[in-house]
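A.B. asks: Have a look at this one before I ask anything.
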Amino acid sequence: MTSFFEATFAMFIFPGGLFALAAGLMLKGVDRKAVARLQRRVGPPLYQPALDVLKLTIKETLIPHTANEVAFKLAPVLGLSGVLLTAAVMPIGGVWNGVTGMKDLLVLLYLLPVPAMALMIAGSASSSPYGALGFSREMVVMFAYEMPLIASFLAVAVRVGGTGSGMFALDNIINYQMQHGPMIFDPIMLPAFVAMLLFIPGTMGSGLFDIPEAEPEVIEGPLLEYSGPLLAMFQLMSAVKLVVVVELVVALFMPNGLGGNVLVNLVWHLFKCLALMLVAVTVFRASTGRLRLEQGFAFFVKYTSPLALVSLGLAYMLR
Amino acid sequence: MLNKFINKIAPRSPWLYRLNAGSCNGCDVELATVALIPRYDVERLGCKYCGSPRHADIVLISGPLTSRVRDKVLRVYDEIPHPKVTLACGACPISGGVYRDSYTVNSPIDQYIPIDVVVPGCPPRPHAIIEGVALALEIWRKRLEEGTCSRS
Ligand code: SF4
């Protein structure tokens, strides 16, 4: 029974649910403000994303009559619940060890593509040619960034060196780093860390990899036909997704807290998330343009995957 | 209660959509610079340009509504979800501007589309456009409070 309550709490309040929503909207706000400051503008207030979401709830919902209505309405629900579940599974070093029975990297590997899947369903259900283009682009980019993601996961797992079914246990990974120092100071793991840094803008679709939702070309791609509350759900999804991918990198490479106090550790964790987001999303977005689809694909295949594979190979040889 | 709260804060997050009704591109360049050039920052009002009409709140219309695009413009206008506010940018939508009396233009636009704010000029200054956007926000807020913003 306790594990049931634990899971409910995790899903709705602490690492997932309210906490993830608040943190996601806040990170998005900081992102927009920081980009504005980098361009020497004043920029919107920090709570602007929350205002956007609230405003969208009073807008009219339009559904194209050629769309598949069920899939069209289900896609945002699927995406949002998927990311909230991912956020609930994500452990926070020194604060939260994850729900009993769900502490596994492979679970994350299955849950992480859910938002991309939701976007694909949205794009194809909307029956718009631009939606279909966005769908195919989303799929190609996803295939490209899954490879470095899996390779980095494996590299971390091999480096930690669990055996059998414990190989992918998240608490093993975190305990290992508590004892041996964070992975980011491990020279072998540095290439994998860089690969994960490039994975963040890839999956968030910012900067160089703003390919599926490119506004001038495919006018927001999969989200083209969405309006009102359904679009608000997609906004929330992208906010929580930002938290999830940043927390993932923190958990894999630098989960260490600052001692025993839970609150201090939580603040420290948020600080790490913020710093990581500023580097990987904000500065990246403000300083780069967009690649073409095949260039984006080639970037991941040629440069990012080998980085992660180098780490994986070294970790195997030195185990 | 919650509705009242949302009505109050909704005008602080306007998403702009540029609808080109056959303009000469002068107004469009001016509109783009208002947001894109850091000097004239409309994002501080919470504005964001969106690519899809479905996401839009404030429609910026430029150009004299040529016969060729009239039906398409009306269709795109219908695709924009309520509540929406329209802003006509430039001399063209009001009078036809330099294209006045041509047999291919259907200006003034408000024969076809209700226009809330007019920003005259050929093209208007960026400051004028920003003020127009701020005015549009005021109108939006008033309408939400009166509850006259629903689909007619
Ligand atoms: S108002 Fe002037 S600048 Fe604007 S579209 Fe008309 S002719 Fe061009």
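A.B. asks: Mind checking which residues of segment A:51-83 are assigned to a helix (DSSP H, G or I), more than 9 Å from chain B (Cβ to nearest Cβ) and open to solvent by 30 Å² or more (accessible area, probe 1.4 Å)?
C.D. replies: A:Glu69, A:Val70, A:Lys73, A:Leu74, A:Val77, A:Leu78, A:Ser81
A.B. asks: Being within 16 Å of the ligand (Cβ to nearest atom) and open to solvent by 30 Å² or more (accessible area, probe 1.4 Å) is true for just one of B:Arg75, B:Arg18, B:Arg39, B:Arg44. Which residue is that?
C.D. replies: B:Arg18
A.B. asks: Could you tell me which numbered condition A:Val279 fails, if it satisfies all but one of (1) touching a Leu at 6+ places or on another chain (Cβ under 8 Å); (2) more than 25 Å from A:Ala155 (Cβ to Cβ); (3) open to solvent by 60 Å² or more (accessible area, probe 1.4 Å); (4) part of a helix (DSSP H, G or I)?
C.D. replies: (2)
Condition check ((1) within 8 Å of another protein chain (Cβ to nearest Cβ); (2) open to solvent by 30 Å² or more (accessible area, probe 1.4 Å); (3) at pLDDT 80 or above; (4) over 17 Å from B:Val119 (Cα atoms)) across all residues:
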{"residue": "B:Val34", "(1), (2), (3), (4)": "no, no, no, no"}
{"residue": "B:Arg54", "(1), (2), (3), (4)": "yes, no, yes, yes"}
{"residue": "B:Leu60", "(1), (2), (3), (4)": "no, no, yes, no"}
{"residue": "B:Arg70", "(1), (2), (3), (4)": "no, yes, yes, yes"}
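A.B. asks: Okay, next question. Give the residues of segment B:2-30 that are part of a loop (DSSP other than H, G, I, E, B) and over 20 Å from B:Lys84 (Cβ atoms), sorted by residue number.
C.D. replies: If the condition is that a residue be part of a loop (DSSP other than H, G, I, E, B) and over 20 Å from B:Lys84 (Cβ atoms), then B:Gly22, B:Cys24, B:Asn25 are the ones that fit.
A.B. asks: Now, a different point. If you go through segment B:128-151, how many residues are under 15 Å from the mean Cα position of the chain (by Cα) and open to solvent by 70 Å² or more (accessible area, probe 1.4 Å)?
C.D. replies: Residues meeting the conditions: 3.
A.B. asks: Given (1) in contact (Cβ under 8 Å) with a residue 12 or more places away in the chain; (2) within 14 Å of another protein chain (Cβ to nearest Cβ); (3) more than 15 Å from the chain's Cα centre (by Cα), where does B:Arg39 come up short, assuming only one miss?
C.D. replies: Among (1) in contact (Cβ under 8 Å) with a residue 12 or more places away in the chain; (2) within 14 Å of another protein chain (Cβ to nearest Cβ); (3) more than 15 Å from the chain's Cα centre (by Cα), the lone unmet condition for B:Arg39 is (1).
A.B. asks: Does B:Arg44 count as at the interface with chain A (Cβ under 9 Å from one of its Cβ atoms), assigned to a helix (DSSP H, G or I) and farther than 14 Å from B:Tyr17 by Cα?
C.D. replies: yes
A.B. asks: Mind listing just one residue for me: the one in segment B:82-99 that is out of contact with any helix residue (DSSP H, G or I) (no Cβ under 9 Å at 6 or more places or on another chain) and within 14 Å of the ligand (Cβ to nearest atom) and, of those, nearest to B:Pro126 (Cα to Cα)?
C.D. replies: Top of the filtered list is B:Gly97.
The values are calculated or read from the model by the stated rules, or taken from the named source; none is laboratory data. The structure presented is a predicted model; accordingly, all values stated were derived computationally and were not measured. Note that each Cβ is placed from the backbone with ideal geometry, even for glycine, and that neighbours are counted across all protein chains shown. When the accessible area is computed, the model is the full protein with side chains, heavy atoms only, and any ligands, DNA or RNA have been set aside. Shrake-Rupley method; radii C 1.70, N 1.55, O 1.52, S 1.80 Å.
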